[in-house]
Amino acid sequence: RATEAEPVALIEAARKALGDKTLIVAGDINSPERITAVRDAGADAFTIGSAAFNLSFCPATTLTGQLQAIMACLG
């Protein structure tokens, strides 16, 4: 886990270095805005864990509601 660099900048650098290889990002994906930033930076995929399980991704009060909100962000 990077602690001394901006996460989005790291994603951009990884995207550049990997070329057309798949880039999967994990960690601190906890809001619709963060999904947009990660996708815009070049991630092909991402994982969401605690933000969904802790019911903190969105105002929904169930895991199903959290997952529906996450899926809605994917268009």
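Read-outs throughout are calculated quantities, based only on the coordinates presented, and are distinct from any laboratory measurement. Since the structure is predicted, the reported quantities are computational estimates derived from the model, not experimental observations. Because the Cβ atoms are built from the backbone with ideal geometry, glycine has one as well, and the counts that use them run over all protein chains shown.
Per-structure values
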{"item": "Sites GLU12 and THR47 - FRET efficiency at Förster radius 22 Å, r taken between beta-carbons, to 0.05", "result": "0.75"}
{"item": "Nitroxide proxy distance, nm - points 7 Å out along Cα→Cβ at ALA5 and GLU33", "result": "2.4"}
{"item": "Percent RCO, i.e. relative contact order, over the chain, from Cα pairs under 8 Å lying at least 6 residues apart", "result": "27"}
{"item": "Helix 63-73 axis, angle to the chain major axis (alpha carbon atoms, nearest 10°)", "result": "50"}
{"item": "Principal-axis tilt of helix 7-18 within the chain, Cα atoms, nearest 10 degrees", "result": "50"}
{"item": "Degrees, to the nearest 10: 32-41 long Cα axis against longest axis of the chain", "result": "20"}
{"item": "DSSP loop trypsin sites (Lys or Arg not before Pro) with at most 11 other Cβ within 10 Å: longest gap in the chain", "result": "22-75"}
